[in-house]
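Comments concern the structure below.
The values are calculated or read from the model by the stated rules, or taken from the named source; none is laboratory data. Here the structure is a predicted model, which means the values were calculated and not measured. Cβ atoms come from the backbone with ideal geometry, glycine included; neighbour counts cover every protein chain shown. For accessibility, only protein heavy atoms count, side chains too; no ligands or nucleic acids. Shrake-Rupley method; radii C 1.70, N 1.55, O 1.52, S 1.80 Å.
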Amino acid sequence: MISPTSQITHAWEWISRHLPDDGSTQISDVTSKYTVMNLIGPKSRDVLNLVTDTDLDNFPYFTSQLINVGQSGGVKALHMTHSGEPGWTLFVPSELSMHVYDSLMTMGKDYGIINAGYQAVRFLRIEKFHTLWGEDFDRWTSPIECGAAFLVKFQKATFIGKGALLRQKEEGVSRRLVQFHLEGHDLDSDSWPWGGEPIYRNGKYVGLTRSTCYGFTLNRMVCIGAVHNFEPETRKRLVVDNNFITDPSAEFQIEIAGKRFLATPHLHPPRMSAVATETGLKYKPRIMPSVRTSTL
């Protein structure tokens with residue numbers, strides 16, 4: 001099981017509390033045994049192909065395999081990244097991490113490979129509307145509220161919280177995570193959003209922003225916020241359906257340092273220009289380095 005770095009204690013506590021009483025299942029923290037590397041970008045498949053014997057054509061998205069990278073075996077590869085971009089997340093035994101890193105950087109040099117920091121990955125994931133536990137939602141947020149209902153296996157006979165989720169599917173939810181694109185925001189003269197800014201719908205307060213960034217592809221400020229609906233007099237929660245968010249007559253604004261900006265709401269990731277993930281016929285690296293790999 002993989003958890004965000006900041007949520008290890010939370011995940012450990014929850015799983016430990018739900019272990020079988022008969023002792024048939026144990027849990028151990030193996031964080032220190034692995035180094036995590038993200039190979040991200042439209043040429044990630046080409047670079048990984050140079051250093052592994054694994055057939056990447058038979059490595060479906062959102063699956064995991066045990067692969068070799070260069071002379072290092074036992075690398076757990078997950079075909080997805082939390083950036084929203086194509087690529088792989090590699091869980092490398094710590095003692096092999098330098099060899100794997102050096103292999104990727106050497107073979108990827110002619111593809112323009114560079115090191116990228118956490119904030120770069122964060123900006124990518126916000127722009128692609130990839131939400132993060134602990135920042136965009138928490139233990140009180142349901143999969144339906146944060147747009148992750150497609151990951152829930154409702155066909156299972158039972159699981160913790162199934163009844164509550166079925167009620168939400170039938171009755172609707174009173175809170176939704178929404179992505180907003182700011183309009184009329186000047187990057188040089190206006191204050192930037194940092195999270196916690198109030199959101200208004202037709203002048204009525206309806207929530208707060210969570211994650212924010214500048215979208216380098218969208219070329220504007222992007223915010224992810226939790227939008228709720230309620231009766232002003234009774235404070236009774238009302239359903240937040242798609243129409244509440246996408247109604248053309250609804251005007252959303254986000255207030256930043258006392259100034260309100262128009263904000264265009266989105267319930268799904270934005271449409272962006274597709275970037276080919278295959279080398280194809282048009283691209284050939286200037287140098288095709290030879291590399292020895294081993295099947296381990």
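Scanning the range 133-162 for residues that are in contact (Cβ under 8 Å) with a residue 24 or more places away in the chain and in contact with a helix residue (DSSP H, G or I) (Cβ under 7 Å, 6 or more places away or on another chain) yields W133, G134, S142, I144. Residues that are open to solvent by less than 30 Å² (accessible area, probe 1.4 Å), under 30 Å from E135 (Cβ atoms) and touching a residue at least 12 places away in the same chain (Cβ under 8 Å) do not occur anywhere in the range 12-19. Mind checking whether some residue in the range 177-192 is small (G, A, S), within 22 Å of D138 (Cα to Cα) and either in contact with a Leu (Cβ under 9 Å, 6 or more places away or on another chain) or loosely packed, with under 15 Cβ neighbours inside 10 Å (or both)? No, there is no match, as no residue in the range 177-192 is small (G, A, S), within 22 Å of D138 (Cα to Cα) and either in contact with a Leu (Cβ under 9 Å, 6 or more places away or on another chain) or loosely packed, with under 15 Cβ neighbours inside 10 Å (or both). Scanning the range 105-130 for residues that are in a helix (DSSP H, G or I) and under 24 Å from H266 (Cβ atoms) yields a count of 9. Is it the case that some residue within the range 72-92 is touching a helix residue (DSSP H, G or I) at 6+ places or on another chain (Cβ under 6 Å) and of a type in the set (V, I, T)? Yes, because at least one residue in the range 72-92 is touching a helix residue (DSSP H, G or I) at 6+ places or on another chain (Cβ under 6 Å) and of a type in the set (V, I, T). Scanning the range 124-155 for residues that are more than 20 Å from Q168 (Cβ to Cβ) and either open to solvent by 40 Å² or more (accessible area, probe 1.4 Å) or modelled with pLDDT of 90 or more (or both) yields L124, R125, I126, E127, K128, F129, H130, G134, E135.
Residues in the range 95-123 that are in contact with a Ser or Thr (Cβ under 6 Å, 6 or more places away or on another chain) and farther than 14 Å from L39 by Cα were compared, and the one that is most open to solvent (accessible area, probe 1.4 Å) is H99.
Answer yes or no: is there a residue in the range 56-67 that is surrounded by 21 or more Cβ atoms within 10 Å (Cβ to Cβ), modelled with pLDDT of 95 or more and either of a type in the set (D, E) or closer than 26 Å to F123 by Cα (or both). No, that holds for no residue. Counted as qualifying within the range 21-91 are the strands (runs of 3 or more DSSP E) with 3 or more residues that are among the β-branched types (V, I, T), namely 34-40. You will find that of R237, R220, the residue that is open to solvent by 70 Å² or more (accessible area, probe 1.4 Å) and farther than 28 Å from S142 by Cβ is R220 and no other. Only a single criterion out of (1) farther than 30 Å from L19 by Cβ; (2) under 25 Å from the mean Cα position of the chain (by Cα); (3) of a type in the set (F, W, Y) is not satisfied by F159, namely (1).
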